[in-house]
Amino acid sequence: MIVGKQKPIEEILEKTASFGSILVVGCGGCVTVCHAGGEKEVGILAEQLELRAMALHRPLTVIPGMAERQCDTEFIEQLRDDMDRVEAVLTIGCGAGAQTLASVFPQKPVIPGLNTRFIGAQVEHMNWAERCIGCGDCVIGDFGGLCPVARCSKHLLNGPCGGSNNGHCEMDPELDCIWDLIIRKLEASGQLDRLLEVTPARNWQTSRAGGVRRQKHEDSAL
Amino acid sequence: MKSGSRLERTFAEGKFAVTAEIFPPRTPSVRLLHKRAEQVRDYLTAANLTDNQSATVRIASMAASRIVLDAGVEPVMQITCRDRNRMAIQADVIGAAALGIKNILCVTGDHQKFGDHPAARNVYDLDSMNLIQMLKTMRDDGRFHNGDAIRNRSASPVVPPEIFIGAAANPFGSPRHFRPYRLAKKIAAGADFVQTQPVYDLVVFREWLQKAGDLGLIEKVHIMAGITPVKSVDALCYMRDHVPGMHIPEATIRRMTGAADPEREGFEMALEMICAVKDLCGVRGIHLMAIGWEKVVPLLIEAANIVPEPVAVHRGDRPDAEIAGKD
């Protein structure tokens, strides 16, 4: 899922300071799951905006709102009535959600209240880690189901680099060296010979390097 | 001969090779590079010119390589995968060959987090293995990475870059048992010579070399043992704690801590290590990385009695095959 983190409150307050009425919109998808942009967080953020306005003796109307999925225009349309009552919208959905809001309501300033961080998995309670960079050509089948493209700091296809230290990445002693894990996994399953061949350079055209990516379902006309 | 470089000829003649790093300065100073080249000219087979070493911006390795070549020192141009993609690197390889640079060392490169521009975006389009493979394809097949022949028009002659391909190896990195296999992959990719991370732990180095021998690798590649002399215990601890891939045993730290004259001790330790590794089966040379203590390089080489025979280094451009041939 998409993992996000709310922006620092000072940044949000500064970017919203010039508006007298704001719709704060969360998303019921990924960012609800990672406790960064769901209904609960919308409520807390709305309260913080109101408290700051009161402290500054500034009139401010804050309307809390939710979209089941902010990246879907169908759900965004349901916000239209509330949107008509405010000068701007503060969203704590991911970047895809925020931009869907901006395209459905082109007249309204959209302020992002959340930083979209990565595609990740929950590795322990309330702790997420990056697992995929959406490269568009999955290779984990060659590497014991583990992704060196996303999880090696240098995207090595023929690791580990010289900086791997006691199973940890040179970048961060708290971070597992994915190549250490790949080697151990393939060894355990008797498949280490897979790593003895040089993996050739990637064709990055399917990744972000190939430009902005789009996808149309073949059955979309039905 | 793949390149005809002095380094390649030294190995081919069965002689012991000695290289050292010359760290390109941060300022556009030819004079400083000439001075560094002159200090080591009579003591080295070739000198490595690092590529934004420690992820810190310096004179480009290609420019520095040509500058030391003009001062009579054969360069080993280093290329990292961190700052350039396959297009920029191939352009540099062709450019380097045009400038008479014949040795290229391929490394992944330290992450920019450790350098002076941590906010930069890295590249890592290729990894070091892919980089070695690409250089071999350019040299042996006369083809770019995309398969196109290295020539200007379809009727023009193919002019491959004549380069001797180097790789780095870390016998001390983890998982340690996989390191000899990684060396095997680099050789399969096309490495002609290998320079190792600094050796402080002779036991681990010997084990790695033994395994490389068991895998039949030492006949296929020229291994140069890395040596880094240090003049203080602080330098040792700094490397242990902050330089990726460094392995320094406690005994080494203890010996330096107890030394009355740390500079003398550091010299002796480096000299002992050179003497210990130079006769090991499979070691064909040493590579000195005297970070911040460059002036010790000639002294160590003399003391270890491994001064290479003097050879005139060819300066200037390579013969232009394209113009000489029928275009």
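When A:Ala98 is evaluated against the numbered criteria (1) closer than 30 Å to A:Gly190 by Cα; (2) outside the structural domain of A:Leu157 (by TED's automatic domain parsing), which criterion, by number, is the only one it fails?
That leaves (1) as the condition not met.
Taking only pairs six or more apart or across chains, which ones have beta-carbon atoms under 6 Å, a first residue in region B:296-317 that is closer than 24 Å to B:Arg66 by Cα, and a second residue that is modelled with pLDDT of 95 or more and of a type in the set (S, T, N, Q)?
Listed pairs, sorted by first residue: B:Pro308/B:Thr45.
Restricting attention to region B:41-63, does a residue exist that is farther than 30 Å from A:Pro160 by Cβ, of a type in the set (Asp, Glu) and out of contact with any helix residue (DSSP H, G or I) (no Cβ under 9 Å at 6 or more places or on another chain)?
no
Can you tell me which residue among A:Thr100, A:Thr91, A:Thr32 is closer than 25 Å to A:Glu130 by Cβ, buried (at least 17 other Cβ atoms within 10 Å of the Cβ) and out of contact with any strand residue (DSSP E or B) (no Cβ under 8 Å at 6 or more places or on another chain)?
A:Thr100
Which residues, counting only those in region B:110-150, are more than 14 Å from chain A (Cβ to nearest Cβ), surrounded by fewer than 17 Cβ atoms within 10 Å (Cβ to Cβ) and assigned to a loop (DSSP other than H, G, I, E, B)?
B:Asp116, B:His117, B:Ala119, B:Gly142, B:Asp148
For region A:119-160, give me the residue count where each residue is among the charged types (D, E, K, R), under 25 Å from A:Arg213 (Cα atoms) and either outside any helix (DSSP H, G or I) or in contact (Cβ under 8 Å) with a residue 60 or more places away in the chain (or both).
So the count comes out to 4.
Do the conditions hold for A:Glu197, that is, is it at pLDDT below 95, more than 26 Å from the chain's Cα centre (by Cα) and assigned to a loop (DSSP other than H, G, I, E, B)?
no
May I ask you to verify whether B:Glu13 is on the phi < 0 side of the Ramachandran plot, buried (at least 18 other Cβ atoms within 10 Å of the Cβ) and among the charged types (D, E, K, R)? Give the derivation first.
On the way: on the phi < 0 side of the Ramachandran plot: yes; buried (at least 18 other Cβ atoms within 10 Å of the Cβ): no; among the charged types (D, E, K, R): yes.
Criteria not met by B:Glu13.
In region B:190-207, how many residues are buried (at least 23 other Cβ atoms within 10 Å of the Cβ) and either more than 18 Å from the chain's Cα centre (by Cα) or touching a residue at least 40 places away in the same chain (Cβ under 8 Å) (or both)?
Summing the residues that are buried (at least 23 other Cβ atoms within 10 Å of the Cβ) and either more than 18 Å from the chain's Cα centre (by Cα) or touching a residue at least 40 places away in the same chain (Cβ under 8 Å) (or both) in region B:190-207 gives 10.
Of all residues in region B:67-124, which are hydroxyl-bearing (Ser, Thr, Tyr) and within 24 Å of B:Glu162 (Cα to Cα)?
Residues of region B:67-124 hydroxyl-bearing (Ser, Thr, Tyr): B:80, B:108, B:124.
Scanning region B:67-124 gives B:Thr80, B:Thr108.
Please go through region B:163-186 and give me each residue that is more than 10 Å from every other protein chain (Cβ to nearest Cβ) and more than 16 Å from B:Arg206 (Cα to Cα), ordered by number.
Of everything in region B:163-186, those that are more than 10 Å from every other protein chain (Cβ to nearest Cβ) and more than 16 Å from B:Arg206 (Cα to Cα) turn out to be B:Ile163, B:Phe164, B:Ile165, B:Gly166, B:Ala167.
Scan region B:256-279 and tell me whether some residue there is closer than 22 Å to B:Phe114 by Cβ and hydroxyl-bearing (Ser, Thr, Tyr).
No, region B:256-279 contains no residue that is closer than 22 Å to B:Phe114 by Cβ and hydroxyl-bearing (Ser, Thr, Tyr).
Select from region A:55-94 the residues that are of a type outside the set (D, E, K, R) and more than 19 Å from A:Lys15 (Cβ to Cβ) and list them in ascending order.
A:His57, A:Met66, A:Ala67, A:Cys71, A:Thr73, A:Phe75, A:Ile76, A:Gln78, A:Leu79
Are any residues in region B:74-88 under 27 Å from A:Glu170 (Cβ atoms) and crowded, with 24+ Cβ neighbours inside 10 Å, and if so, which ones?
B:Val76, B:Met77, B:Gln78, B:Ile79, B:Thr80, B:Cys81
Results for (1) surrounded by fewer than 20 Cβ atoms within 10 Å (Cβ to Cβ); (2) out of contact with any strand residue (DSSP E or B) (no Cβ under 7 Å at 6 or more places or on another chain), shown as yes or no for each residue.
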| residue | (1), (2) |
| --- | --- |
| A:Arg131 | yes, no |
| A:Gly141 | yes, yes |
| A:His155 | no, yes |
| A:Leu181 | yes, yes |
| A:Lys185 | yes, yes |
| A:Ser189 | yes, yes |
| A:Gln205 | yes, yes |
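Hey, among A:Arg52, A:Arg69, which residue is modelled with pLDDT of 95 or more and farther than 18 Å from A:Gly37 by Cα? First the steps, then the outcome.
On the way: A:Arg69 fails: farther than 18 Å from A:Gly37 by Cα.
So the residue among A:Arg52, A:Arg69 that is modelled with pLDDT of 95 or more and farther than 18 Å from A:Gly37 by Cα is A:Arg52.
Looking only at region B:191-214, decide whether some residue is of a type in the set (A, V, I, L, M) and within 9 Å of chain A (Cβ to nearest Cβ).
no
Which ones in region A:162-179 are out of contact with any strand residue (DSSP E or B) (no Cβ under 9 Å at 6 or more places or on another chain), at the interface with chain B (Cβ under 8 Å from one of its Cβ atoms) and farther than 19 Å from B:Pro198 by Cα?
Residue satisfying the conditions is A:Met171 alone.
The values are calculated or read from the model by the stated rules, or taken from the named source; none is laboratory data. Every value quoted in this text rests on a predicted model; they were computed, and no experiment measured them. Cβ atoms come from the backbone with ideal geometry, glycine included; neighbour counts cover every protein chain shown.
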